[in-house]
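One structure below.
Values in this text are rule-based calculations from the coordinates and carry no lab data. Everything quoted here is computed from the prediction, not taken from an experiment.
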């Protein structure tokens with residue numbers, strides 16, 4: 001998987017993925033990450049990427065020319081590519097969408113800033129995606145979330161094969177509770193079934209607890225079809 005992120009603040013990505021699962025994936029070349037400065041795709045001496053909106057109003061809007069130049073320069077015609085504009089009004093990123101995006105060979109991610117992006121750019125990208133119903137100062141943090149989430153589904157990135165498909169949300173519910181040593185802490189013990197060694201009973205308990213947890217905390221997930 002090749003991630004290409006377009007931003008006006010490339011320095012924000014300098015150390016984010018030095019460690020952890022994605023850091024190891026980059027080191028082992030299971031994924032690649034290239035950060036592109038949108039200003040490098042301008043033609044004026046001031047490297048202008050934004051302008052005031054037609055019709056008035058506050059804020060600045062990303063201009064079409066550098067955005068389209070960046071897309072055309074970065075997109076690899078030899079790869080199965082998907083271009084994404086991160087936007088608060090985009091469809092919400094969830095486990096099913098993350099899994100779908102992992103099937104591509106190249107993801108080109110545009111980080112919005114300021115008041116927004118020229119509306120006409122929507123016709124040039126494949127998707128508009130949001131990571132939640134709130135507004136961030138820019139798309140950089142959202143891009144980091146997307147790179148991390150999608151990378152987990154790339155073969156070799158997570159040690160145990162199939163592990164990402166067993167995570168919360170991917171199965172359509174939340175995960176069951178986990179416990180580790182000590183067996184008792186300040187009067188709170190570990191459920192007896194987990195100490196029993198009976199794997200079938202443990203499996204049944206975990207399935208029951210996962211359903212219980214989902215009903216209590218995120219009942220809306222049970223209304224969705226399993227991914």
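Couple of notes before you dig in:
- Over segment 2-151, the reciprocal of the mean inverse Cα-Cα separation, the Kirkwood hydrodynamic radius, stands at 15.8 Å.
- If the chain linking residue 73 and residue 92 were pulled fully straight, counting 0.36 nm for each residue of separation and taking away their Cα-Cα distance, it would gain 4.1 nm.
- Segment 47-172: relative contact order as a whole-number percent, Cα under 8 Å and 6+ apart: 27 percent
- Structure-based [θ]222 nm, the chain - -39500 (n - 2.57) summed over DSSP H runs of at least 4, per residue, nearest 500: -7500 deg cm²/dmol
- Equivalent-ellipsoid semi-axes of segment 168-223, from the Cα gyration tensor, Å, largest first: 24, 14, 8
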